[in-house]
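Novice: Below is one structure. I have some questions about it.
Derivation of every value follows stated rules applied to the coordinates shown; laboratory data play no part. Only a predicted model underlies this, so the values are computations on that prediction, with no experimental measurement involved. When we count neighbours, we look across all protein chains shown, and the Cβ atoms used for this are built from the backbone with ideal geometry, even at glycine.
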Amino acid sequence: MNVRKFCTLVFSVFLSGTAFAQEFKSGMEWSEPPIVTPGATDDQPPSDAIVLFDGQDMSAWEGSDWQVADGVVSASKGDVTTKQAFGDIQLHIEWSAPTEVRGNGQGRGNSGVFLMNRYEVQVLDSFDNETYFDGQAASVYKQTPPMVNAVRKPGEWNTYDLFWTAPTFNVSGDVATPACVTLVHNGVLVLNHFELYGPTNYLGPAQYAVHEAKAPIRLQDHGNPVRFRNIWVRELQSPVGARTSAPYVIKGGKNIPFRQAEQEQADGQLKRAIQQAVDKAVKKAVEQALKDNQKKPPRQEPEAPGDSKTDGSAVPLESGDEANTKDVK
Ligand code: MG
């Protein structure tokens with residue numbers, strides 16, 4: 001066995017006796033997540049996606065007559081909206097500002113992706129094009145700029161991978177949870193769970209007003225022939241689960257409420273700490289006693305009666321002693 005294998009074995013044994021001696025359980029019972037087959041590449045629709053435009057036709061859209069040619073569609077003659085309404089979604093969409101640069105600021109390559117028909121993530125030719133920052137490409141229009149400008153040159157294709165959480169409203173019509181958007185632009189995170197202040201307006205501050213739980217996606221015609229391709233959307237469902245018990249740990253084959261196990265662990269730590277302190281104090285006392293004992297002078301033993309003198313000379317007998325000696329004979 002080489003050193004690495006030996007160390008791995010020792011570490012495994014260590015863990016099995018400590019950290020993994022008990023297992024935490026949340027007390028939640030989860031349904032198995034549905035299986036989704038990803039696209040051949042990450043820009044292709046997964047198996048549960050709804051394809052909104054695959055380069056063939058605009059049958060999923062209504063509101064205007066955008067022309068399809070060579071697998072792309074160009075904005076013209078007004079906005080288009082999806083026939084289907086959506087709430088929480090993941091949206092993939094690719095767009096390209098006109099190759100021939102015309103205009104400037106908000107007048108150059110302007111379009112927009114309106115979530116729920118009222119919240120705009122801006123589409124704009126923001127390549128070397130000065131405008132207000134909360135109106136450039138990938139901004140939430142007049143609410144926040146993107147964190148960075150990741151736009152490609154005019155005529156090149158941009159991708160938006162957008163993650164949208166619809167707002168919710170309470171019974172009084174006030175917003176309960178705001179809409180949130182996360183946006184990856186050409187592989188770059190540019191909006192990170194931004195909470196919207198309300199619908200995006202050109203004039204006036206954003207302010208929520210109660211609306212339906214699902215609404216169409218709208219693409220803006222701002223008078224510039226912005227092109228689109230490869231549009232698909234996934235409706236998002238949160239994982240399904242239910243709490244079946246309070247959190248607990250499995251220890252020694254038994255389910256123990258987490259708080260109880262936590263208290264037992266704390267008690268055990270306290271006991272070990274006390275025992276260690278006691279052991280340490282006892283050891284110290286014993287060591288000190290031994291040292292003190294070594295410092296003491298040798299003990300003087302009293303001489304026993306009748307013992308010989310230390311110089312070896314005989315001790316004369318008393319008169320009575322002689323008679324006693326005779327008796328012994
Ligand atoms: Mg726009």
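Novice: Cut-off 10 angstrom, C-alpha nodes, Gaussian network model of the chain. Which of SER47, SER111, SER172 fluctuates the most?
Specialist: Greatest mean-square fluctuation among the candidates belongs to SER172.
Novice: Counting Lys and Arg as +1 and Asp and Glu as -1, each charge on the Cβ, what is the dipole of the range 41-155 about the Cα centre in debye, to the nearest 20? List each step's numbers first, then the result.
Specialist: Working: 8 positive and 17 negative charges, 80 e Å.
The dipole magnitude comes to about 380 debye.
Novice: Could you list which residues have their amide H under 5 Å from that of ASN224, counting only those 5 or more apart in sequence or on another chain, with H placed in the peptide plane?
Specialist: ASN110
Novice: For the chain, give the magnitude of the charge dipole about the Cα centre (Cβ charges: +1 Lys/Arg, -1 Asp/Glu; no others), in debye to the nearest 20. All intermediate terms of the calculation are to be shown ahead of the outcome.
Specialist: Details: 32 positive and 41 negative charges, 142 e Å.
I would put it at about 680 debye.
Novice: For the chain, what is the relative contact order in percent, using Cα pairs closer than 8 Å and at least 6 residues apart in sequence?
Specialist: Values: 591 pairs, mean separation 72.4, N = 329.
Once divided by the residue count of the chain, the mean separation gives 22 percent.
Novice: Could you run the Karplus curve 6.51 cos²θ - 1.76 cosθ + 1.60 with θ = phi - 60° over the range 237-251 and give me ³J(HN,Hα) per residue in whole Hz, x for Gly and Pro?
Specialist: Ordered by residue, 3J(HN,Hα) equals 10, 5, x, 9, x, 9, 7, 9, 6, 5, x, 8, 10, 9, 9 Hz.
Novice: Whole number please: convex hull volume per residue, Cα atoms of the chain, in Å³. Mind showing how you got there, number by number?
Specialist: Values: hull volume 136.3 nm³, N = 329.
In the chain, the Cα convex hull volume per residue is 414 Å³.
Novice: May I pose another question? Near the amide H of SER126, under 5 Å away, which other amide H atoms are found, from residues 5 or more places off or on another chain, if H is placed in the peptide plane?
Specialist: ALA137
Novice: Placing +1 at every Lys and Arg Cβ and -1 at every Asp and Glu Cβ, with all other atoms neutral, what dipole size does the range 246-288 have around its Cα centre, in debye to the nearest 20? Write down the numbers at each step before the final one.
Specialist: Working: 8 positive and 5 negative charges, 12 e Å.
Using only the charged Cβ atoms, the result is roughly 60 debye.
Novice: Total Lys pairs in the range 246-288 closer than 22 Å by alpha-carbon, pairs eight or more apart in sequence or interchain only? Before the final figure, lay out each step's value.
Specialist: Numbers: LYS251/LYS271; LYS271/LYS280; LYS271/LYS283; LYS271/LYS284.
The number of close lysine pairs in the range 246-288 is 4.
Novice: Given contacts defined as C-alpha pairs under 8 Å and at least six residues apart, what's the relative contact order of the range 83-141, whole-number percent? Let's see the in-between values first.
Specialist: On the way: 73 pairs, mean separation 15.3, N = 59.
Value for the range 83-141: 26 percent.
Novice: May I pose another question? Using Cβ counts within 10 Å as a stand-in for footprinting exposure, how do PHE194, PHE228 rank, fewest first?
Specialist: Listing PHE194, PHE228 from fewest to most nearby Cβ atoms yields PHE194, PHE228.
Novice: According to the square roots a ≥ b ≥ c of the eigenvalues of the Cα gyration tensor, what is the shape class of the range 53-114, taking rounded for a/c under 1.5, prolate for a/b larger than b/c otherwise, and oblate for the remainder?
Specialist: Values: a/c = 1.83, a/b = 1.44, b/c = 1.27.
Prolate, since a/c reaches 1.5 and a/b exceeds b/c.
Novice: Let me know the Rg and Dmax you get for the range 133-195 when you use only its Cα atoms, in Å.
Specialist: 13.9, 47
Novice: Which value in deg cm²/dmol, rounded to the nearest 500, describes the helix-derived mean residue ellipticity at 222 nm for the chain, given -39,500 (n - 2.57) per DSSP H run of n ≥ 4 and division by the residue count? Intermediate results must be reported in sequence, preceding the final value.
Specialist: Values: 3 runs with 63 residues, N = 329.
Mean residue ellipticity at 222 nm (helix-derived): -6500 deg cm²/dmol.
Novice: Just round it to a whole percent: the fraction of Cα-Cα distances in the range 90-150 exceeding 20 Å. Spell out each step's value before the answer.
Specialist: Details: 365 of 1830 pairs.
That fraction is 20 percent.
Novice: Now, a different point. Expressed as a rounded percentage, what relative contact order does the range 89-201 have, with Cα pairs under 8 Å and six or more residues apart?
Specialist: Values: 255 pairs, mean separation 28.7, N = 113.
Across the range 89-201, relative contact order equals 25 percent.
Novice: Could you please report the charge total around VAL278, scoring K, R as +1 and D, E as -1 over all other residues with beta-carbon less than 12 angstrom from its beta-carbon?
Specialist: Values: positive: LYS271, ARG272, LYS280, LYS283, LYS284; negative: ASP279.
Result for the local shell: +4.
Novice: Once R0 is set to 30 Å, what does the formula 1/(1 + (r/R0)^6) return for the Cβ-Cβ distance between GLU62 and ASN201, expressed as a FRET efficiency to the nearest 0.05?
Specialist: On the way: r = 24 Å, r/R0 = 0.80.
Once the sixth-power term is evaluated, E becomes 0.80.
Novice: Shifting gears a bit: Order of VAL278, VAL72 from fewest to most other C-beta atoms within 10 Å? Display every interim value, and only then the final one.
Specialist: Numbers: VAL278 10, VAL72 18.
Ordered by Cβ neighbours within 10 Å, fewest first: VAL278, VAL72.
Novice: OK, next. Rounded to whole Å and ordered largest first, report the semi-axes of the equivalent ellipsoid of the range 246-288 derived from its Cα gyration tensor (root of 5λ). It would help to have the intermediate numbers written out before the result.
Specialist: Working: eigenvalues 243, 16, 3 Å².
Gyration-tensor ellipsoid for the range 246-288: 35, 9, 4 Å.
Novice: Here's something else I'd like to know. What's the ranking of 34-40, 83-89, 200-206 by average number of surrounding C-beta atoms within 10 Å, highest first?
Specialist: Packing order, densest peptide first, comes out as 83-89, 200-206, 34-40.
Novice: Rg/Rh for the range 183-253 to two decimals, with Rh computed the Kirkwood way over all alpha-carbon pairs. Could the numbers behind the result be given before it?
Specialist: Values: Rg = 21.0 Å, Rh = 18.2 Å.
Reported Rg/Rh, Kirkwood definition of Rh: 1.15.
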